[in-house]
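Trainee: Please read through the structure below; I'll follow up with questions.
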Amino acid sequence: HAARVAASSASQFHGVPHMAAITLHEYVAQGIALGRRKRRTRRMKTAIQEQRLDSPLFYTQRWVRDWERLLAQVWDTYLAAAAAHRPSPGHREHFRLPYHLVL
């Protein structure tokens, strides 16, 4: 899951080729290619620097605000589910939500 999120985030820049590697061999090959093609690497770096201010990936204040709002919603959902599924007194089984949380 984390790899898909990272690949999605990295793919948002125009003029920058898709750099996600599936295997270790692809990862090493891409690293070597970047090291050998200095001019191409500089163009990619410039493209990212020019676009980063408009990118949600680098808009830290909004990202933190959205993350905090999401955490508050998750907590509210947890509390509501806990109240609805509270076991009877003396019940020792751990509380379980009736669904999976997907962020």
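Trainee: Cβ-Cβ below 9 Å, separation at least six or inter-chain, first residue in segment 36-53 and surrounded by 12 or more Cβ atoms within 10 Å (Cβ to Cβ), second polar (S, T, N, Q): which pairs?
Mentor: 48/55; 51/12
Trainee: Could you tell me which numbered condition residue 3 fails, if it satisfies all but one of (1) at pLDDT below 90; (2) surrounded by 12 or more Cβ atoms within 10 Å (Cβ to Cβ); (3) within 18 Å of the chain's Cα centre (by Cα)?
Mentor: Going through (1) at pLDDT below 90; (2) surrounded by 12 or more Cβ atoms within 10 Å (Cβ to Cβ); (3) within 18 Å of the chain's Cα centre (by Cα) one by one, residue 3 breaks only (2).
Trainee: If I filter segment 22-32 for residues that are in a loop (DSSP other than H, G, I, E, B) and either of a type outside the set (A, V, I, L, M) or modelled with pLDDT of 75 or more (or both), do I get at least one hit?
Mentor: Yes - at least one qualifying residue is present in segment 22-32.
The values are calculated or read from the model by the stated rules, or taken from the named source; none is laboratory data. Everything quoted here is computed from the prediction, not taken from an experiment. No Cβ is skipped: glycine too gets one built from the backbone with ideal geometry, and neighbour counts run over all protein chains shown.
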